[in-house]
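The values are calculated or read from the model by the stated rules, or taken from the named source; none is laboratory data. Computed from a predicted model, the values in this text were never measured in an experiment. Glycine also receives a Cβ, built like all others from the backbone with ideal geometry; neighbour counts cover every protein chain displayed. Calculation scope for accessible area: heavy atoms of the full protein, side chains included, ligands and nucleic acids excluded. Shrake-Rupley method; radii C 1.70, N 1.55, O 1.52, S 1.80 Å.
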Amino acid sequence: MAGPVVASIRARLWAALVALLSCGVAPAAACEASFPGVVEAAGAPLVINGQGWRIVSPWGVRAYAAALYQPSITTNASEALRLGRPWAVEMIYCREAPVAAIREAWLKSLRANCVADCGLDGAATDAFLATLRDARPQARWRFIFDGRRVAVLDGGVGRGTVVGPPFARALLATWIGAAPPTVALRDALLGRR
């Protein structure tokens, strides 16, 4: 009698495992990303510095791909974060994410990376958070800092701008600062991998 019961439980466990893995892996595996080699900021070219994935689980589930663009390639985060230096970051989302969760994650990351001379301004932060919206798979967001302001684009359409080099530095630090989403992503964006 124990034989059929054990077999039934084993079959259910295997079915549950297959269902769990297919939910987490299938959408991530379908997420592909390609980035242009050069983008422009204030009419000047920025070259791709590095690109990587934001991995959100031990199983390699991808949240988004990101690429960092700089006037010249650098592996040094301090140089990349130098106040006034133009930059751009492009993100391609792999899965849906509600705007409330996105805003919460950005705010947490901005605060975690704002140290000493950061100058994170409440009005600038609020203006930035207001530009964000729900993310859909394959949504392309680009953040471009031209030396004076950060322009936020969603699928090439402007969502707004945030004025000020100090905010731009804090925003860039969310990817390559002391508390990035993952060290692997920071290293990839800085071309260290």
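For the range 144-193 versus the range 67-107, the inter-centroid distance based on Cα atoms is 3 Å. For the range 126-193, the gyration tensor built on C-alpha atoms gives an oblate shape. Its axis ratio a/c (a ≥ b ≥ c) is at least 1.5, and a/b is not larger than b/c. Accessible area of Ser78 (1.4 Å probe, protein heavy atoms only, ligands and nucleic acids ignored): about 90 Å². Seen through its C-alpha gyration tensor, with square-root eigenvalues sorted a ≥ b ≥ c, the range 44-193 comes out rounded because a/c lies under 1.5.
Of the GluC sites (Glu not before Pro) found in the range 53-103, those in coil by DSSP whose Cβ has at most 14 other Cβ atoms within 10 Å are Glu96.
The gain in end-to-end length when the Ala100 to Arg192 segment is fully stretched comes to 29.9 nm, 0.36 nm per residue minus the alpha carbon separation. Between Arg136 and Val115, the simple spin-label model (points 7 angstrom out along Cα→Cβ) gives 3.9 nm. Taking amide H as placed 1.01 Å from N in the peptide plane, the amide H of Arg149 sits under 5 Å from that of Gly164, each at least 5 places away or on another chain. Put simply, the amide H of Tyr64, placed in the peptide plane, has neighbours under 5 Å in Arg54, Cys94, leaving out anything fewer than 5 places away on its chain.
Under 5 Å from the amide H of Gly50 lie the amide H atoms of Leu68, each residue being 5 or more positions distant or on a separate chain, with H modelled from the backbone and absent for Pro and chain starts.
Using a probe radius of 1.4 angstrom, the carbon and sulfur fraction of the accessible surface of the range 139-193 is 53%.
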